[in-house]
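Here's the structure, in structure tokens; my notes come after.
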Amino acid sequence: MQNKTAFSWERYNSTPIVGIVRGLGIDTVRQIVDAYISAHYYTIEITMNTPNVAEIISELRLNYPDLNVGAGTVCSMADLDTAIAAGAKFIVTPIIDEAVIKKCVEMQIPIFPGAYTPSEIYRAWSLGASAVKVFPATQLGPQYIKDVLAPLNQIKLMPTGGVSKDNIKSFFEAGVVGAGMGSSLFDKQMIKANDFEALQNHFTAIRNEINLFVKN
């Protein structure tokens, strides 16, 4: 599949959360996505270490035109080629791979590279990152975001790893432009129980935490 429709920043900004799907089958992903869209979430990444990742991305692109479907855990040009061929609208990496970032910038595909230290964050931004994925954010917390943005306030940050319903508001208060969420968003027990109504309510509760920062 080719990228015939671009990433929608408008839909992303309406709920600036990137949901991270890892290791789930397409039947489960479909049910998750139905609840996801019903809760007004529009940006989701499928990690490259998910079985049949290309097929899942392609199917979501085909059947959910309002969804920003991207690829995560992109660690090489080979991963990037697979993701783009499948139709990924955006790319997320856990690391700085300069070739991957530069190729995405050249193709005008949003790229969220992972970085940890201020130097890495600045390097990723300088290479053309759409926003820098601060990863892992588990031990860093909102205060780290404040500290980084004090001298580097022009950089857009998206913490990932350790962001939850309990602390997401604090991250946005610190100045982030979005957040990546995996297991804290896609509750494993609700999914295992096939309770997608509860999952939708969970999505809504998290979104309500950042209502003040959402561009409706």
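The values are calculated or read from the model by the stated rules, or taken from the named source; none is laboratory data. Predicted model only: the values in this text are computed from it and were never measured. Every residue, glycine as well, gets a Cβ built from its backbone with ideal geometry; the counts of neighbours run over all protein chains shown. Ligands, DNA and RNA are stripped out before the accessible areas are found, and what is left, the full protein with its side chains, is counted by its heavy atoms. Shrake-Rupley method; radii C 1.70, N 1.55, O 1.52, S 1.80 Å.
At a glance:
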read-out: From phi via Karplus (6.51, -1.76, 1.60), per-residue ³J(HN,Hα) for the stretch 175-183 in Hz, x at Gly/Pro; value: x, 6, 9, x, 8, x, 9, x, 5
read-out: Accessible surface ranking that places the most exposed of His202, His40 first, with a 1.4 angstrom probe; value: His40, His202
read-out: Heavy atoms of Asp147 accessible to a 1.4 Å probe, total area in Å² rounded to 10; value: 90
read-out: Leading residue at positive end of dipole, the chain (Cβ point charges), from Asn194, Ile111, Ala78; value: Ile111
read-out: Debye, to nearest 20: dipole size of the stretch 58-181, +1 on Lys, Arg Cβ, -1 on Asp, Glu Cβ; value: 220
read-out: Full-extension gain in nm, Asn52 to Lys188, via 0.36 nm per residue minus C-alpha separation; value: 47.0 nm
read-out: Per-residue ³J(HN,Hα) for the stretch 50-61, Karplus 6.51 cos²θ - 1.76 cosθ + 1.60, θ = phi - 60°, Hz, x for Gly and Pro; value: 8, x, 6, 4, 4, 5, 5, 4, 4, 5, 5, 4
read-out: Heavy-atom SASA rank of Glu10, Glu120, Glu45 (probe 1.4 Å, accessible area, largest first); value: Glu10, Glu120, Glu45
read-out: Accessible-area composition of the chain, carbon plus sulfur, in percent [1.4 Å probe]; value: 49
read-out: For the stretch 126-143, Karplus couplings with θ = phi - 60° (6.51, -1.76, 1.60), whole Hz, Gly/Pro x; value: 5, 6, x, 4, 5, 7, 9, 7, 7, 9, x, 8, 3, 8, 7, x, x, 5
read-out: Of the trypsin sites (Lys or Arg not before Pro) in the stretch 100-137, those whose Cβ has at most 14 other Cβ within 10 Å and which sit in DSSP loop; value: none
read-out: Charge dipole magnitude, Cβ of K and R +1, D and E -1 - the stretch 57-121, Cα centre, debye nearest 20; value: 120
read-out: Whole-Å distance, taken between Cα centres, linking the stretch 15-36 and the stretch 46-63; value: 10
read-out: Accessible area per residue, Å², the chain with all protein chains present, probe 1.4 Å; value: 45
read-out: Mean separation of Cα contacts under 8 Å, 6 or more apart, over the residue count of the stretch 74-216: relative contact order %; value: 15
read-out: Student exercise, the chain dipole from Lys, Arg, Asp, Glu Cβ charges, in Debye to nearest 20; value: 300
read-out: When each of Lys102/Lys215; Lys102/Lys165; Lys146/Lys215; Lys103/Lys215; Lys156/Lys192; Lys89/Lys215 is checked by Cα-Cα distance, pairs over 31 Å; value: Lys102/Lys165; Lys156/Lys192
read-out: Glu59, Glu106, reordered so the largest accessible area comes first (probe 1.4 Å); value: Glu106, Glu59
read-out: Centroid-to-centroid separation of the stretch 178-216 and the stretch 102-142 [C-alpha atoms, Å]; value: 24
read-out: The chain: most fluctuating residue of Pro51, Pro142, Pro110 per GNM, C-alpha cutoff 10 Å; value: Pro51
read-out: Per-pair calculated FRET efficiency, R0 = 22 Å: Asn63 and Arg11 via Cβ, rounded to 0.05; value: 0.85
